[in-house]
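Structure first, then comments.
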Amino acid sequence: MADEQTCKYLIPGLDRGLQLLLAFGEQHKEMTFAELHRLVAMPKATAYRVVQTLEHLGFLERNPRTNTFSLGIKVLRLGFEYIASLDVAQVGQPVIEQLRDRSQCSSHLAIRDGRDVIYIARVSAAGSQINQVSVGTRLPVHQTSLGRMLLTRTTREEFERLYPQQSLPGSGPGTPADRETLWQMVQQDKARGYVIGESFFRHGISSIVYPIFNRDLQVEAVVSIMVPFDQIPAEDRERLRMEVRDAAGKISDFLGAPPRADVG
């Protein structure tokens with residue numbers, strides 16, 4: 001009954017137009033009108049009028065040489081605007097799931113809030129014995145590989161406002177001796193384009209971290225994997241690094257970042 005009530009309010013013309021747009025895909029990037037009509041359940045005359053309307057509005061483009069149709073720029077614009085409306089956690093969650101599956105390592109997304117790293121998404125590797133951080137966990141920026149990568153787009157002036165004292169709070173294996181040491185580490189990370197931290201924050205845990213850029217080429221977030229070894233095995237090191245790099249690039253692309261030639 002509810003479905004019947006809902007159907008009363010459907011607009012047939014809009015429904016037909018969306019059916020036609022959805023007929024395009026990986027296997028059907030360009031089609032003649034006849035090919036397109038075979039894929040949709042509507043009379044030929046109706047399909048013709050819908051195609052003409054979609055072409056007029058810019059949702060379909062006609063190739064005059066081959067007399068075929070493909071999706072128009074308006075469809076792309078809608079897609080880009082939808083992606084732009086998503087935040088990095090929404091965009092990145094399926095990517096870090098793929099990263100987990102390909103690397104067999106727990107994967108994370110994190111952002112910076114002042115002097116804290118905040119984990120905004122995570123997926124655990126199957127059978128992982130590592131004590132996992134949870135979404136919302138805060139850790140000191142200066143004590144973590146993720147935090148150092150998040151600092152790589154700060155200017156010296158911004159950095160000194162963030163850390164006005166020469167000494168840095170806390171202690172532990174990942175704590176730099178002082179502010180200047182941290183700054184030099186961040187500059188080296190920036191030049192390299194990524195961080196491999198081996199027992200940097202916790203003994204027995206290593207990480208590979210890459211930055212995620214937004215359309216202004218600012219570091220929006222970082223993506224990382226957690227490797228349960230003091231040192232990442234030499235035979236896995238490059239493969240894992242490339243997996244994290246590709247995941248970061250994919251999320252950056254979703255956020256509208258321009259292509260970069262200097263990604264490590």
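A few points about this structure:
- Members of segment 59-113 found to be at pLDDT 85 or above, touching a Gly at 6+ places or on another chain (Cβ under 8 Å) and under 20 Å from PRO211 (Cβ atoms), listed by number: LEU109, ARG112
- Candidates VAL135, VAL123: the one that is closer than 21 Å to VAL244 by Cα and either at pLDDT 90 or above or open to solvent by 70 Å² or more (accessible area, probe 1.4 Å) (or both) is VAL135.
- Odd one out for MET242 among (1) open to solvent by 50 Å² or more (accessible area, probe 1.4 Å); (2) within 15 Å of ARG122 (Cβ to Cβ); (3) hydrophobic (A, V, I, L, M, F, W, C): (2)
- The residue of segment 184-216 that is farthest from ASP113 (Cα to Cα), among those that are modelled with pLDDT of 90 or more, of a type in the set (A, V, I, L, M, F, W, C) and open to solvent by 30 Å² or more (accessible area, probe 1.4 Å), is ALA191.
- Residues of segment 105-114 satisfying the condition of being surrounded by fewer than 17 Cβ atoms within 10 Å (Cβ to Cβ) and on the phi < 0 side of the Ramachandran plot: ASP113
- Among the residues of segment 137-156, the ones that are assigned to a loop (DSSP other than H, G, I, E, B) and under 10 Å from VAL195 (Cβ atoms) come to 2 in all.
- Residues that are open to solvent by 40 Å² or more (accessible area, probe 1.4 Å) and either hydrophobic (A, V, I, L, M, F, W, C) or modelled with pLDDT of 90 or more (or both) within segment 6-23 comprise CYS7, LEU10, ILE11, LEU14, LEU18, LEU22, listed in sequence order.
The values are calculated or read from the model by the stated rules, or taken from the named source; none is laboratory data. Just so it is clear, the structure is predicted and the values come from calculations on it, not from any experiment. Backbone-built Cβ (ideal geometry, glycine too); neighbour counts: all protein chains shown. Remember, those area values only see protein heavy atoms, side chains included, never the ligands or the DNA or RNA. Shrake-Rupley method; radii C 1.70, N 1.55, O 1.52, S 1.80 Å.
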